Structure formats: structure tokens, C-alpha cells
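Asks: Questions regarding the structure given below will be posed in turn.
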Amino acid sequence: MTRPRLPGTLNRRHFLAAASAALLPAPALAQTGASDVDVVIIGGGAAGIAAARQIAGAKRSYVLLEASSKLGGRARTEDAFGARVDLGAGGFARSEGTLASSAQGAGLELIALPSGRRLFANGREVRESAYDAFAAALGTARRDLLAAVEGGKDVAASLALTGAGPATTTPWAATVAQFLGPLGCGRALSTLSALDLARRDALPDDTTSPAGIGTLMEGLGAWLNVQKDAPVTLVTNAGRFHTVSVRGQRTPIRARAIVLAVPAPVLAAGAIRFNPGLPPRLVAALRAIPAGHLEQVAFLLPGNPLALQPNEAVLTKAGTAPPALLRGRINGSDLHVLTFGDAPARTIAEKGAAAALPLARDWLRANFPTAEVAISEVVASKWGQDPLIRGALSAALPGQGAQRRVFADTVQNRIFLAGDYVPVSGWGTLGGAFASGEAAATRALRLFGDGPA
Ligand SMILES: Cc1cc2nc3c(=O)[nH]c(=O)nc-3n(C[C@H](O)[C@H](O)[C@H](O)COP(=O)(O)OP(=O)(O)OC[C@H]3O[C@@H](n4cnc5c(N)ncnc54)[C@H](O)[C@@H]3O)c2cc1C
């Protein structure tokens, strides 16, 4: 076993590697002028960080432009109640892409999350047979979705389940619908494409960082050539190159390729202007995958009244309280985090802690009526209200599932899209975003004759 390391620290070998990599952009910059680079990466979330790392590794000049004051995007670790807590992604699937190996290569510590989730109904953990019934209902729902898709119909996911039968008749059908819809995609199944959901097939999260996933992402971007507080306002096709304008900077940056790694709803809202405009086919595809909403609510439960192991996930049977997923005892602390989806999440984003506190209290009272739990304060995320994010993840509307393929197209010969919305399978995840950033960078590098054709 390796000796535990302080989260976020680099050892000497990694420090030297990082420091020399940071020097890479200099030669190419000197040749072409201070505001010319091979690649501009727009957006410093998982996808943008992965892309920048790849471009830096290929010894090409680049700059990563992030509108906010922090790297990480929807992976953000905040201070709450004297501890560090993730208010965005709280884990990822180790075997998805290279995120885990990149983190380990950078000397950043990872730990395993408990496998599966505990199921509770009426304040008690369910029996083994109910776990089996839930797993069977989930399996049936997934088969129903696939059957609907194989039949060539991209209906609403709710219709795919109803049409294919048995899942809707089990006592766990409503819980499965909540798990796949509001808690999985931030929207009700009736607003989701069966095709998009069937193809999602995301691997379960089994890994996290003891320092927080946001801190992990900042660590992965620590040595990159980054401009923070640099919101891109305009991207112009100037023939042999593109220019990228940043608010508050007089001179645009000239780039031979662009990795565009901002969230889909930000693009759909027209928050960045393009001259000429984005292709109508792409604009239509972006509108076909509106945002789903997830918000996190963190609070303290001293004394472990729910009797949970560190980082255990709890799902409760659908009932009267708005659905939520609980992650208990974050890294062994008294901190617990509830994830709400869809309408309650939108309310939390609009009203903040004033709405989140009663929602968390109601959920605890309804699902753990006998536990001694009293919470007086919460810290809540507001992804839906952040103009740089505008939601938790993007999922296709019924009938629009095939649109996601459009995001693989190169735009104006040198703009490559990256982000969690880009992959046709495994979309809406941190690992998927990281992998899509690497893939976009690989395609950008091919423009210069780098890498395999
Ligand atoms: C509450 C919540 C819980 C989640 N839980 C999980 C989980 O447990 N596991 C999992 O795998 N995934 C989870 N996710 C999803 C995961 O966080 C995302 O899929 C992933 O972080 C997306 O990365 P990205 O790089 O595509 O986009 P982002 O992380 O959104 O990065 C985009 C970046 O672009 C920047 N930007 C926007 N506009 C501009 C501009 N004009 N100029 C420059 N920069 C700009 C933004 O500031 C942002 O930093 C969760 C998401 C949320 C919201």
C-alpha cells in the first residue's frame, strides 16, 4: 500500500514534470506573437482541463480560458461547516476513460466509494428480497427502454416503460422512475428521450477524492497555462485562423484550433457569439438537449443517527417526500449531502438555503421518522442559476435522441466540441467529460499533423 499523501500535493517527481510542462507553450508563442496560440481551449471544467493537458503534452502552444475564478466547472469543492464538500460531482467511475490514471499520475489521492446503495422504506432498511425486487425492476426498465429503441421509436422514456409493461407494475416502479429520471437526469421521464436514456449506460461511480472532486480537478489543472476570470464573448472565423475575444481584453487571441468546452445550455443560450454563426444543425441539436436540474444540499448530522458507513449512498422508496439521493458521512465526517432533482432542484437554485432547508427536513422526517435528526442550517448549490453552467446535465427531449451524434462534427474546420454532453454513450458524467476533452484535443492536434491520422 502506498503511503497516504496530503490531498492535492505533488511529490518531487510530479512537481518537476508539472513545472517543465508549464514551460511548453513558450517557444510557439515566441514564434507567432503574444496572443497567437495553436489551440485555445474555452471552458475550464473536466473537458477543458483534459484537452489542455493533452495539448500541453503534445508540446503545442495553448491557453485555457475559464470565465470564473476557479477551474473545475461542475466539479466544485466548497467549505461547509468547517469541512470540504463537493457541491457538484461527488465521484466518478474509475474505469471510464483516463481520469483515474491521470489523477494517480499527478500524485492525487483517490479512494473507493462503497459499492451499490442502501435502500430504505418507511424508515427502515429493506429486506434482501426487496433489494432483489428493486434490481429486477431497474433491469426491466432498462430492457424496456432498449426494446422501445430497437422498435425504432424514440418516444418519451415514460412511455417506453409503460408500453413494455412489467416494470410499472412492481412496487419499485415509481422508485426506479425517480432514480432514472429526476435523480439521474434532473428531469421527469416524460420529458426524456428513450433513445438517449437507453444509450446513456453510464458506469456507476465507484471512486472519489478525499480532498473533494473539485479539488482533484484543480490539481489536474494546476500547472496548465490558464487565464481565469476570462469569459469568452466572441469567436470569429478569420480564414486561416479563428480569433477569440475575451471580455475586458482589448486584443483577441488568434488560434489555429479551438476546443470549445463550455456546457451545452451556455451555447444554446447564445452566451458566446460566433461569427459566422454556428451551423443551424448544431444549434438545433443543442436545443434538443435542454438542461436537467440537480442541486446538492449539505448539512451536519452529528453522532451518525442514520447508522451509515462513510460515503454510503441511500435511496429511499418513492413516497410523499420529493425524491433525493443521500450520500452519508462524507469521508467519515458528520457531513451528509442530499441530491435533489427536477422541480425541487429548480426551487433550490432559485431560492437557495431558504428552500433547501425545509426540503431536507421533510425528506429526513418522511424517510427516517424515528431517527433523532434536527438540522438548522444547510449549504446548497445553485447550478441552475449560474450563468456559466445553467443546469446539471443535458438530456435529449423525446424524439430527439439521435441529435447527440451532431456534436462529433467539426465546426468551421477547426472548432472541436468537448464536454459531458458530447458522447453518445456515457453522457452527463465527469469521466465522460474528461474523455471527451482528450478526444477533442486529439482531433485538434491532427490539424497540425500530430498524432495518428
Ligand atoms: C449536482 C451535480 C452532481 C453531479 N454528480 C456527478 C457524479 O456524482 N458523478 C459524475 O460522473 N458526474 C456528476 N455530475 C456531472 C459532472 O459534474 C459533469 O458531467 C462534468 O463536471 C461536466 O464537465 P464539463 O467540462 O463538460 O463542463 P463544466 O464542468 O460545466 O465546465 C464548463 C466550464 O466552462 C466555463 N465557461 C462557461 N462559459 C464560458 C465562457 N464564455 N468563457 C470561458 N469559460 C466559460 C464554466 O465556468 C465551466 O468552468 C454532477 C453534476 C451536478 C451539477
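The values are calculated or read from the model by the stated rules, or taken from the named source; none is laboratory data. Keep in mind that what you see is a predicted model, and the values were worked out from it rather than measured. Reconstructed Cβ throughout: ideal geometry from the backbone, glycine too, with neighbour counts over all protein chains shown. What goes into the accessible areas is simple: the full protein's heavy atoms, side chains included, and nothing from ligands, DNA or RNA. Shrake-Rupley method; radii C 1.70, N 1.55, O 1.52, S 1.80 Å.
Asks: Find out how many positive minus negative residues lie around Asp386, taking Lys and Arg as positive, Asp and Glu as negative, among other residues whose Cβ is under 14 Å from that of Asp386. Present the calculation step by step, with values, prior to reporting the outcome.
Replies: On the way: positive: Lys70, Arg74, Arg76, Arg346, Lys382, Arg390; negative: Glu66, Glu78, Glu295, Glu350.
Its environment carries a net charge of +2.
Asks: Can I ask one more? When Lys and Arg each count +1 and Asp and Glu each count -1, what net charge do the other residues less than 14 Å away from Lys351, Cβ to Cβ, add up to? Intermediate values should be presented prior to the final figure.
Replies: Values: positive: Arg346, Lys382; negative: Glu295, Glu350.
In short, 0.
Asks: Around Arg118, which amide H atoms from residues at least 5 apart in sequence, or from another chain, sit under 5 Å from its own amide H, with H modelled in the peptide plane?
Replies: Residues meeting the amide H criterion: Ala313, Val314, Leu315.
Asks: Which values of log₁₀ I(q)/I(0), to two decimal places, follow from the Debye formula for the range 293-390 at q = 0.12, 0.22, 0.25 Å⁻¹ with a uniform point scatterer at every Cα?
Replies: Ignoring solvent entirely, the Cα scatterers give -0.35, -1.13, -1.39.
Asks: Nearest 0.05, what FRET efficiency do Leu203 and Ala374 give at R0 = 35 Å with Cβ-Cβ as r? Please list the in-between numbers first.
Replies: On the way: r = 37 Å, r/R0 = 1.06.
So the FRET efficiency works out to roughly 0.40.
Asks: Here's a follow-up. Report, to the nearest 10°, how far helix 12-22 tilts away from the longest principal axis of the Cα atoms in the chain, using its own Cα long axis and a range of 0 to 90°.
Replies: 50 degrees
Asks: Note the angle between two axes, namely the Cα long axis of helix 46-57 and the longest principal axis of the Cα atoms of the chain, as a number of degrees from 0 to 90, rounded to the nearest 10.
Replies: Relative to the chain, helix 46-57 is tipped by roughly 40 degrees.
Asks: I've got another one for you. Let me check I've understood the local charge: for Gly97, count other residues with C-beta under 15 angstrom from its C-beta, Lys and Arg +1, Asp and Glu -1. What total comes out? Spell out each step's value before the answer.
Replies: Working: positive: Arg53, Arg94; negative: Glu96, Asp201, Asp205, Asp206, Asp420, Glu438.
Spelling it out: positives minus negatives among the neighbours equals -4.
Asks: For a 18 Å ceiling on Cα separation, which of these pairs sit above it: Lys70/Lys382; Lys59/Lys228; Lys317/Lys351? Please list the in-between numbers first.
Replies: Numbers: Lys70/Lys382 16 Å; Lys59/Lys228 22 Å; Lys317/Lys351 27 Å.
Pairs exceeding 18 Å: Lys59/Lys228; Lys317/Lys351.
Asks: Let me ask something additional. Ignoring everything except DSSP H segments at least 4 long, calculate the 222 nm mean residue ellipticity for the chain; use -39,500 (n - 2.57) per segment, divide by total residues, nearest 500. Display every interim value, and only then the final one.
Replies: Details: 14 runs with 148 residues, N = 453.
Calculated mean residue ellipticity at 222 nm is -10000 deg cm²/dmol.
Asks: On to the next question. Can you sort Arg74, Arg117, Arg143 by 1.4 Å-probe accessible area, starting with the largest? Please list the in-between numbers first.
Replies: Working: Arg74 60, Arg117 80, Arg143 150 Å².
These residues rank, largest area first, as Arg143, Arg117, Arg74.
Asks: Using the charge dipole of the chain (Lys, Arg: +1 at Cβ; Asp, Glu: -1 at Cβ; taken about the Cα centre), state which of Leu234, Gly328, Gly214 has its Cα farthest towards the positive end.
Replies: With unit charges placed on the Cβ atoms, the residue in question is Leu234.
Asks: Right, another one. Using modelled backbone amide H atoms (1.01 Å from N, in-plane), which distant-in-sequence or interchain residues come within less than 5 Å of Glu109's amide H?
Replies: Under 5 Å from the amide H of Glu109 lie the amide H atoms of Gly8, each far enough along the sequence or on another chain.
Asks: Quick one: how many Å² of His293 are accessible to a 1.4 Å probe, rounded to 10?
Replies: 30 Å²
Asks: Would you mind computing Rg(Cα) / (2.2 N^0.38 Å) for the chain, counting N as its residues? Walk me through the numbers before you get to the answer.
Replies: Details: Rg = 22.2 Å, N = 453, 2.2 N^0.38 = 22.5 Å.
Cα Rg divided by the expected 2.2 N^0.38 Å: 0.99.
Asks: Taking 8 Å as the Cα distance limit and 6 or more residues as the minimum spacing, I'd like the relative contact order of the range 127-201 as a percentage.
Replies: Values: 83 pairs, mean separation 28.8, N = 75.
With pairs under 8 Å counted, the relative contact order is 38 percent.
Asks: Any idea how far apart Ala307 and Asp450 come out in nm if each label point goes 7 Å out from Cα toward Cβ?
Replies: In this crude label model, Ala307 to Asp450 measures out at 5.6 nm.
Asks: For the chain, give the magnitude of the charge dipole about the Cα centre (Cβ charges: +1 Lys/Arg, -1 Asp/Glu; no others), in debye to the nearest 20. Write down the numbers at each step before the final one.
Replies: Working: 45 positive and 33 negative charges, 210 e Å.
Computed about the Cα centre, the dipole is about 1000 debye.
Asks: Before anything else, pin down the relative contact order of the chain: Cα pairs under 8 Å, at least 6 apart, normalised by residue count, whole percent.
Replies: Working: 1023 pairs, mean separation 107.3, N = 453.
Across the chain, relative contact order equals 24 percent.
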